[in-house]
1. Looking only at region 220-256, how many residues end up being buried (at least 22 other Cβ atoms within 10 Å of the Cβ) and part of a strand (DSSP E or B)?
2. Can you name the residue in region 136-151 that is loosely packed, with under 12 Cβ neighbours inside 10 Å and either over 32 Å from the mean Cα position of the chain (by Cα) or modelled with pLDDT of 85 or more (or both) and, of all such residues, is nearest to I113 (Cα to Cα)?
3. Go through (1) touching a residue at least 24 places away in the same chain (Cβ under 8 Å); (2) crowded, with 16+ Cβ neighbours inside 10 Å for R377 and report which single condition fails.
4. With hydroxyl-bearing (S, T, Y), surrounded by fewer than 22 Cβ atoms within 10 Å (Cβ to Cβ) and either over 37 Å from the mean Cα position of the chain (by Cα) or closer than 30 Å to L260 by Cα (or both) as the only criterion, which of S49, S54, S98, S45 stands out?
5. Could you tell me which of the residues V368, V361 is within 30 Å of L471 (Cα to Cα) and β-branched (V, I, T)?
6. Taking region 164-214 as the region of interest, how many residues are surrounded by fewer than 18 Cβ atoms within 10 Å (Cβ to Cβ), free of Cβ contacts under 8 Å to residues at least 40 places away in the same chain and not hydroxyl-bearing (S, T, Y)?
7. On the phi > 0 side of the Ramachandran plot, more than 24 Å from the chain's Cα centre (by Cα) and modelled with pLDDT under 95 - does that describe any residue in region 284-300?
8. Six or more apart or on different chains, Cβ under 6 Å: which pairs go from a residue in region 115-143 that's assigned by TED's automatic domain parsing to the domain that holds E30 to one that's surrounded by 14 or more Cβ atoms within 10 Å (Cβ to Cβ) and among the basic types (K, R)? Could you list them?
Amino acid sequence: MVINQIQLKDIIISARQESHRMRHYYLGVEHLFIALLEIRGGLTSNILSDQGLSSEYVIDAIRRKIGKGSSKHRLWPNLQETPRSDMVMSIAQDIASSHGRKNIQERDLLIAILEEDDNIPIRVLRALDIDMDKLQQQSRTKQAILPQTHSFIQLDFPSDFEGELDPDQLSILRRMFHGYSKVRIEAQLTGGYSGSILLVVTPFELDKRKAALVVKIGPADMILDEAKRYERYVKGTLPPLTARLEDRPTAPDTSELAGLKYTFLGNNSGNPTNMRGIVHQWSGVKIGHWLNEHLYSDFGENWWRQNRSFRFEAWLEYDWLLPPILTLELEQNENLLENANIIKFPLRRKRINKLDYGDVVVIDNFVVQKVDKEKKRIRLALGQGSEAARPYQIEIRGIDFEQDTYYRGEIVENIGGTVFKTRDEQLMMAARALEPDFDISSDRISILNKSMPNPIKWYHNILDMPVDGTLSTIHGDLHLGNILIGPSDSALLIDFALTRDGHTIFDWANLEMSIISETIVPQVPDSWDGARLLINHLVALNNPGRTLSGAPELREALQAIVALRGIASQCLAHKNRWTEYHISLSMCALRAMQWHTMTLASRRVMFLLSALSMFEIQNKPSREINENTPSPDPESTEFDQ
């Protein structure tokens, strides 16, 4: 069933609304093109979907290109058309007339915009690596089809399949494999923390089985960002046998979700599995050997070993791991905002830490990082650092998207709100959920008769520290769930949504946290005493020459961390200066303490691991101390056995 063409008058109305939302005082080609993209199931969105881009993603890219006008700009009663939009409308009218029609339709306007060839939408599409020749061809020949008219694809689930897919995820899966007769879902991979799902699937063409794939389905903007990061950081650096993105994302404009297919070159050894599913079958020695001989060996040459000196303040790389520094309720009362607390760069964190519930705040020149129309909120961050890891995030609730438009990448000149929740409050709530058997509000906590910093009280000191480190391409979310085992035990990485140039050590600190949770926490009692016991054994890893103690199974499991630390030592900026690593590990563990996808026992260990890492920083050797480092605790790092 072909969708009826939208009338030009309706497109113009939508374009004028876009111009008004963006505080512009003209009607340009960019507004017309966005109006075409906003036609649900329309020709324009349908063609771009074929090339792996959702309408919202392209709209955000155009908005970032043109920017939002100042609120001081005059909005004319009748928007003036730009000379270029006049030209495009003239071309569209000629196209309509050549087909014996008086009225311009969606297809005519799309073809005209593409033929004009030097407008803002065209420049944005080229920057997004769109195949312009294919776009030109499809604009003339493709029929916009309702999504539900796609042929039905049979989905088979094994009897022991434990996951559950919602209708939207099933729809994306069917669309991804349009043209196949059947798709068999082999397993759901576990271990991720982003809210996306990972499936091992086998497609069938007629009755012929094809090679197994890993499919990722998640929020459309995250999936499309991942595809871009793959092209920028990963595609040219992969070993011969590893996971690859061979197809563009599947991103229908009728869904908030999108999907990616990971294929595996040379993998004839059966369905891939992730490390989280197999690590319990391996000894600590084997895990350590595999990390050295496969993961680090295969990817290190083009990633971690290509590091260079990088001196930075810890907040630049690690603040984003924590909850939003503030959560605000939108406030538009000008009288209240006149005397508000102003937050802008450079931030004075001590001042922010004094803010409390009900205080009025105005933030200046922060960048929109996430838009959630369903929950009526946006998340902004300081315009520093990489796009994936911008610091000092602030959440604004109560946004009326009918009245205001926000898009990812937009620099918001100022926006005000009343404090609803602080970062410290959220961290304290997460810590209380651990059911501590000690005073969680104290500045210090006791672990086996040693006084250590309370992480939720001391993390501010970490963020202020200067770090002598190294910079390289990093995975950005390296945990057991994102590492697959390929043929001959080769390393296959997936999920590149956070891949970037960043602090080299971060990947290894994040992976250590994951290995401890999966393989070592199960070796100790499921209690606070068990967590403290484990921390006591981890202390030996921080003190070269100390012998690992405990039960044989525990000592064996710890060999994986010994090997991982050996790799990390090769990535340190200065040999044997482990403060750099402890800074990273303390922040990774503090973040993991909040993950409800981890067991309660693991989250307790993460809390204490963060405390131990901060303790090590306090007691660093004198050669690593500078004027910006808090005074060391007088107690030794030696624990009683």
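1. So the count comes out to 2.
2. So the first thing to find is which residues in region 136-151 are loosely packed, with under 12 Cβ neighbours inside 10 Å, and the list is 140-141, 143, 148-149, 151.
Applying the additional criterion that residues be either over 32 Å from the mean Cα position of the chain (by Cα) or modelled with pLDDT of 85 or more (or both) yields 140-141, 143, 149, 151.
On the way: R140: 13, T141: 16, Q143: 18, T149: 28, S151: 32 Å.
In this case the residue turns out to be R140.
3. Failed condition: (1).
4. Details: S49 fails: surrounded by fewer than 22 Cβ atoms within 10 Å (Cβ to Cβ); S54 fails: surrounded by fewer than 22 Cβ atoms within 10 Å (Cβ to Cβ); S45 fails: surrounded by fewer than 22 Cβ atoms within 10 Å (Cβ to Cβ).
Unique residue meeting the criteria: S98.
5. On the way: V361 fails: within 30 Å of L471 (Cα to Cα).
It is V368.
6. Residues flagged as surrounded by fewer than 18 Cβ atoms within 10 Å (Cβ to Cβ), free of Cβ contacts under 8 Å to residues at least 40 places away in the same chain and not hydroxyl-bearing (S, T, Y) within region 164-214 amount to 17.
7. Residues of region 284-300 that are on the phi > 0 side of the Ramachandran plot, as a first pass: none.
The answer is no; no qualifying residue exists.
8. Within 6 Å, the pairs are N119/R84; I120/K65; V124/K65.
The values are calculated or read from the model by the stated rules, or taken from the named source; none is laboratory data. What you are looking at is a predicted structure, and each value in this text was computed from that prediction instead of being measured. Cβ coordinates were reconstructed from backbone atoms using ideal geometry, including for glycine residues, and neighbour counts include every protein chain displayed.
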